[in-house]
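Worksheet: the structure to be examined is printed underneath.
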Amino acid sequence: MASVAQICCNLRPPNLLLNFYDAFPFCVPLSNYKKTAFSSICVKVWSPRRSRVRDSSTTTITCSASNKPSSSSEISSAAKIRSEVLSPFRSVRMFFYLAFIASAGLGGLIATTQLIAALANSSKAAAVPEIVKGLGIDIGAVSLFVFLYSRENNAKNAQVARLSREENLSNLKLRVDEKRVIPVSSLRGIARLVICAGPASFITESFKRSEPFTQSLLDRGVLVVPFVTDGNSLNLEFDESEELEEVTTKRNRLWQLAPVFISEWSKWIDEQKKLAKVSPESPVYLSLRLDGRVRGSGVGYPPWNALVAQLPQVKGIWSGLLDGMDGRVL
């Protein structure tokens with residue numbers, strides 16, 4: 001049986017497609033990768049003659065699974081390290097909270113024994129109000145620092161969980177063309193991905209709505225990842241006339257990424273819907289920052305006009321200075 005690399009080598013994309021080696025020099029041929037677990041890899045087969053329709057689900061190849069990516073429910077060490085980097089003083093605060101809890105708890109224990117002794121001995125009855133006051137302070141201190149520690153720990157767990165989901169997303173694979181498969185992490189610092197997940201009709205309508213903003217989106221480093229959830233074929237219509245060849249090239253560049261390892265993508269998107277309390281059948285979009293973190297998401301079509309208005313360009317005088325101006329992280 002021919003390998004995936006051999007099959008891909010026999011498939012030639014049209015000249016109209018952007019050469020991704022020029023746009024992304026870090027990409028390497030699929031043959032340079034070690035054995036990877038692929039399941040339900042969708043391969044696009046182009047006809048040598050010019051066509052107005054691109055069919056993204058013509059052939060499906062199922063390969064043996066090996067070196068399967070880790071489950072998205074596992075907390076990776078990289079996520080924990082990133083959490084420490086993003087909140088370097090959290091561990092110090094939590095240590096002091098524990099120290100204060102222990103100190104106040106010890107003081108409360110001592111005050112309790114003193115109170116019992118004072119209540120048992122009538123000669124020490126005058127000291128009872130003072131002991132009760134000290135005991136109340138200790139109990140209040142313990143309650144306060146337990147609350148602060150619990151809040152800090154919950155924030156830490158939420159941050160680690162979010163970073164772990166982002167690390168799992170960065171390990172998912174994308175097909176650039178018939179010869180190149182790259183992880184999402186390879187696009188960090190280069191592209192702002194917008195993931196559109198829903199039925200084929202939803203993806204097609206999102207494609208049409210993005211047309212007026214094609215150049216502006218590319219200027220801001222936006223690349224779209226269409227993920228069809230209903231199993232239907234995806235037909236993206238491009239105008240192949242010679243006078244619109246440049247526009248079609250840009251449209252191909254904006255929409256040429258395709259998810260690989262479909263089961264892992266589906267699992268990751270389903271987890272995001274569950275956390276956001278969104279119906280599993282609802283079409284959704286997620287937009288990523290340049291650093292790979294999720295900056296926005298929602299049900300329905302991506303707000304292309306809002307993305308153009310909010311995101312800075314990745315080239316020009318403001319390049320680098322505004323790289324972090326991607327909006328807040330969810």
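The values are calculated or read from the model by the stated rules, or taken from the named source; none is laboratory data. These numbers were taken from a predicted model, which means no experiment stands behind them. Cβ placement follows ideal geometry from the backbone for every residue including glycine, while neighbour counts extend to all protein chains displayed.
Check 141, 158, 127, 197 and return the single one that is in the same structural domain as residue 98 (by TED's automatic domain parsing) and touching a residue at least 40 places away in the same chain (Cβ under 8 Å).
It is 141.
Quick check on my filter: what residues within segment 212-240 are among the small types (Gly, Ala, Ser) and touching a residue at least 40 places away in the same chain (Cβ under 8 Å)?
Residues satisfying the conditions are 216, 221, 233.
Residue 151 passes all but one of (1) without any contact (Cβ under 8 Å) to a residue 12 or more places away in the chain; (2) among the basic types (Lys, Arg); (3) in contact with an Asp or Glu (Cβ under 7 Å, 6 or more places away or on another chain); which number fails?
Failing condition for residue 151: (3).
Can you tell me which of 210, 185, 164, 201 is among the hydroxyl-bearing types (Ser, Thr, Tyr), surrounded by 18 or more Cβ atoms within 10 Å (Cβ to Cβ) and farther than 23 Å from residue 309 by Cα?
Only one candidate qualifies: 164.
Of everything in segment 161-212, what is at pLDDT below 90 and touching a Lys or Arg at 6+ places or on another chain (Cβ under 6 Å)? Give them in sequence order.
Residues satisfying the conditions are 163, 166.
Quick one: which of 202, 213 is over 19 Å from residue 249 (Cα atoms) and either outside the structural domain of residue 92 (by TED's automatic domain parsing) or not in a strand (DSSP E or B) (or both)?
Just a single option satisfies the conditions, and that option is 202.
Check every one of the strands (runs of 3 or more DSSP E) wholly within segment 237-330 and list those with 3 or more residues that are modelled with pLDDT under 90 and touching a Cys at 6+ places or on another chain (Cβ under 9 Å).
Per the criteria, no element qualifies.
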